[in-house]
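This report refers to the structure that appears directly beneath it.
The values are calculated or read from the model by the stated rules, or taken from the named source; none is laboratory data. Model, not experiment: these values are computed from the prediction. Here the Cβ positions follow ideal geometry from the backbone for every residue, glycine too, while neighbour counts run over all protein chains shown. Keep in mind that these areas ignore ligands, DNA and RNA; they rest on the heavy atoms of the full protein, side chains included. Shrake-Rupley method; radii C 1.70, N 1.55, O 1.52, S 1.80 Å.
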Amino acid sequence: MPVTVHTYFHTPAQADSVVRVLQQLTTELKNVEWRVSDHRSVAFSTRRTLFGGPADVRVVATPMTTGGSDVRIALQAPTRRRTTSKAADRLSERIQRALG
């Protein structure tokens, strides 16, 4: 049975900047099978080793009225909850590093 993990973070970057960084990251990653994006979100699917196994990922960046963005990550994988949670945390860290 698949496990879904949710994580989030706040960034001073605007939502469109977050989406651009995600589009760039998913373009650079070799194990991404497909990617769909709009002005606020990016969804993609991976295979094999990117997250320790296949995963479906959706990242949504919501603009905040106080400035910046709230970024929410949902990662679904057919592995254990702990492994999936670590993968979501690694993705969160990678996005934050890319945003600077």
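Our coupling estimate for region 2-18, obtained by passing each phi through the Karplus curve with A = 6.51, B = -1.76, C = 1.60 and θ = phi - 60°, is x, 10, 10, 10, 10, 8, 8, 7, 9, 9, x, 5, 6, 4, 5, 5, 4 Hz, Gly and Pro reported as x.
Other residues with beta-carbon under 14 Å from the beta-carbon of ALA15 carry, at +1 per Lys or Arg and -1 per Asp or Glu, a net charge of 0. Ordered from longest to shortest, the equivalent ellipsoid semi-axes for the chain are 22, 14, 11 Å, each the square root of 5 times a Cα gyration tensor eigenvalue. Each other residue within a Cβ distance under 12 Å of ASP38 adds +1 if Lys or Arg and -1 if Asp or Glu, for a net charge of +2.
Dividing the summed helix terms, -39500 (n - 2.57) for each DSSP H run of n ≥ 4, by the number of residues in the chain produces a 222 nm estimate of -11000 deg cm²/dmol to the nearest 500. Computed from phi, the 3J(HN,Hα) profile of region 59-72 under the Karplus parametrisation 6.51, -1.76, 1.60 (θ = phi - 60°) reads 10, 10, 10, 10, x, 9, 5, 7, x, x, 9, 9, 10, 10 Hz, with x in place of Gly and Pro. The portion of the accessible surface of the chain made up by carbon and sulfur, rounded to a whole percent, is 51 (1.4 Å probe; DNA, RNA and ligands excluded). For THR79, nonlocal amide neighbours, meaning residues 5 or more places apart or on other chains whose placed amide H falls under 5 Å from its own, are VAL3. So for the pair ARG47, ARG82, with labels modelled 7 Å out along Cα→Cβ, what separation do we get in nm? Distance between the two pseudo-spin positions: 2.9 nm. Based on Cα contacts under 8 Å between residues 6+ apart, the chain shows a relative contact order of 37 percent. In the context of the full set of protein chains, the chain has a per residue accessible area of 60 Å² (1.4 Å probe). For region 1-79, trypsin sites (Lys or Arg not before Pro) meeting the loop criterion (DSSP other than H, G, I, E, B) and having at most 16 other Cβ atoms within 10 Å: LYS30, ARG40, ARG47.
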